[in-house]
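The values are calculated or read from the model by the stated rules, or taken from the named source; none is laboratory data. Predicted, not measured: the structure shown is a model, and the values here were computed from it. Here the Cβ positions follow ideal geometry from the backbone for every residue, glycine too, while neighbour counts run over all protein chains shown.
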Amino acid sequence: MWRIRIAALLGLVTLALAVALPSQAPFKSNNSLPAHSLREIDSWALNPTGDAAVIRVKTSEKGQSKHELHLLAINAQFTVPSVLYGSAADQSVYTFLNDQTFLTISPANDGQWELFVQDLNYTTLPPAYPPSASPCDSIGKIASSSKITQAVYAAQADILALHTEFKEVILVKLVGGKDEWMVQTQLVPRPYSHPEVEDLTTNGTHLLDSTVSIWEGGSSSSIILLNLQDVSLPQHIVAQASDVILSAPAFEGNHDIAWLSQKKSENRKLWVFNNEAKWEVALNFDRSPEKIIFSKDGKAIYLLTPHSHEQSLYHLWTPSFNDVTSIKPVRIPSNGTIHSAIHVGITPLDHAHLIGVKSDTLKNEGTELWVISHSPHEDPTYNYENIRLTYFTG
C-alpha cells in the first residue's frame, strides 16, 4: 500500500513540475558562423526584472571585425535562444529605461552622440516566439568630445548618467515614456569638480561614484553620493589621502552603501555606510575583491574576486554595525572566470539568481551569458546551479 501511495505522490509531483516547467517551443537562431570566426560578448544590458537582455557580439574573421546586436529572453528553467537583430556600432552603449524599452547611445558627427529608444517584444513563457525589437526612434542628441563608455539610468529621477573615457560624467534629463521619450536637458558641467570618476552606479534616485583627484605632488580618493533631485549638493561619504584607493561603490536598495578600500599593496577591504555610521567589515578573507554586488533584497553581499587565475563570486550575509565576529565569504562554485554579474532576485522555486558574463578557456568557451544560481538560505557550496544562456562560442 505504501508503495502505491508513494507512486501516486510522485505522479502528482511530476504533473506539477510539468505544469510549472513547460517545454520550450523550438525556433532557429541565426547564430551560424564559419569555423575560423571568433565571437565574444563585448557589451550587454539587462532589463530591471532580469528576464530580457540586449547583447552586442563582436565577430572577428580574417583580421576583420564586425558587431551584431542580439536580443535575449531569459528563463533559467528552459533555453530561449538569442536572436540576431542586426548590425551594431562598435562604440554604442546600451541601457534599459524599463522592462520593455532599451536605449542605445551611438556616436554621431562633430562630438555629438545620438540617443535611440526601441521597444523589446519578448516572452519567457510558452508559446514561445523569437524576441524582436521595434525600429530605432531618435529622441535627441547630446554633446561629448570623448567616447561614452557606460550608461546608467536613474528611473525615479528620469536622469541618464553617462561615463566617458576621460572619466567624466554627463547627466541627461529624459522626459516622456512609452513612445514619447525625449532628451530634455543636458546637465554640463558635472555638478561637482572631480576630474576622474572611476566607478558609477545608481539606485534610481541617487548617483554613487568613486573619484580620484590628482594634483602636483598628490591625490585623493572619495566616495560621493549625489541626490539627483538636487544635483548642486553632493555628499562626500568618505575621502582618503593618496595612499588609499576607494573603489567599487554599491547600493543596497535605498539604505546601505558599500565600497572597497585598498592601501598600497594590501588586499582590498569591505566598508559599509548605513546613513549614520561607516565601518570596515571584519572579513576572514585572504583575497582582494574587485566588485561588490548586493542581492536585490539587501540580505546578502557578493564579492567578485580573483583567485587561482580565475574570478568567482563569494557570498556573505549583509553585516550590521554591531557585528563583531569575523565573516568568512563562501565561494559559489563555478568554472572559468565571471567578468560581471547582476543580482535579479529570488525565484518562485526559491533560488537566488544572478546573471552575468562568464568565460572558460579550459572548455573553449568565450564570454557567454550565464545564470549563477544558489539557495538563499544555506551554504551555496551545496546547493547551486550554473546555467548557460547564450551559445556564441565553444
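Quick look at the numbers
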read-out: Residue count, the stretch 155-202 (criterion: among the acidic types (D, E), in contact with a strand residue (DSSP E or B) (Cβ under 8 Å, 6 or more places away or on another chain) and either surrounded by fewer than 14 Cβ atoms within 10 Å (Cβ to Cβ) or at pLDDT below 80 (or both)); value: 2
read-out: Spans of strands (runs of 3 or more DSSP E) in the stretch 311-394 with at least 2 residues surrounded by fewer than 17 Cβ atoms within 10 Å (Cβ to Cβ); value: 337-346, 384-388
read-out: Set T123, T104, T95: member being in contact (Cβ under 8 Å) with a residue 40 or more places away in the chain and in a strand (DSSP E or B); value: T95
read-out: Tabulated pairs, the stretch 380-394, first assigned by TED's automatic domain parsing to the domain that holds D350 and more than 11 Å from L369 (Cα to Cα), second surrounded by 17 or more Cβ atoms within 10 Å (Cβ to Cβ) and aliphatic (A, V, I, L, M), C-beta under 6 angstrom, 6+ apart or interchain; value: P380/I332; Y384/I332
read-out: The one condition in (1) in the same structural domain as I237 (by TED's automatic domain parsing); (2) without any contact (Cβ under 8 Å) to a residue 40 or more places away in the chain that S308 fails to fulfil; value: (1)
read-out: A248, sole failed condition from (1) crowded, with 19+ Cβ neighbours inside 10 Å; (2) in a loop (DSSP other than H, G, I, E, B); value: (2)
read-out: Condition check for I293: touching a residue at least 24 places away in the same chain (Cβ under 8 Å), surrounded by 14 or more Cβ atoms within 10 Å (Cβ to Cβ) and more than 18 Å from A341 (Cα to Cα); value: no
read-out: Members of the stretch 64-94 found to be more than 12 Å from Y122 (Cβ to Cβ) and among the polar types (S, T, N, Q), listed by number; value: Q64, S65, Q77, T79, S87, Q91, S92
read-out: Filter result (surrounded by fewer than 22 Cβ atoms within 10 Å (Cβ to Cβ) and either among the acidic types (D, E) or part of a strand (DSSP E or B) (or both)) within the stretch 57-68; value: K58, T59, S60, E61, Q64, S65, K66, H67, E68
read-out: Single residue of I214, I224 found to be assigned to a strand (DSSP E or B), modelled with pLDDT of 90 or more and not polar (S, T, N, Q); value: I224
read-out: Hits in the stretch 69-103 (condition: buried (at least 22 other Cβ atoms within 10 Å of the Cβ), among the small types (G, A, S) and touching a Leu at 6+ places or on another chain (Cβ under 7 Å)); value: S82, A88
read-out: Among (1) touching a His at 6+ places or on another chain (Cβ under 9 Å); (2) farther than 30 Å from T79 by Cβ, the one test that A151 misses; value: (2)
read-out: Within the stretch 225-244, tally of residues that are under 17 Å from D256 (Cα atoms), of a type in the set (A, V, I, L, M, F, W, C) and touching a Ser or Thr at 6+ places or on another chain (Cβ under 6 Å); value: 0
read-out: Scope the stretch 69-92; condition within 25 Å of E114 (Cβ to Cβ) and in a strand (DSSP E or B); matching residues; value: L69, H70, L71, L72, V83, L84, Y85, G86, S87
read-out: Meets criteria (surrounded by fewer than 20 Cβ atoms within 10 Å (Cβ to Cβ) and assigned to a strand (DSSP E or B)) for I301; value: no
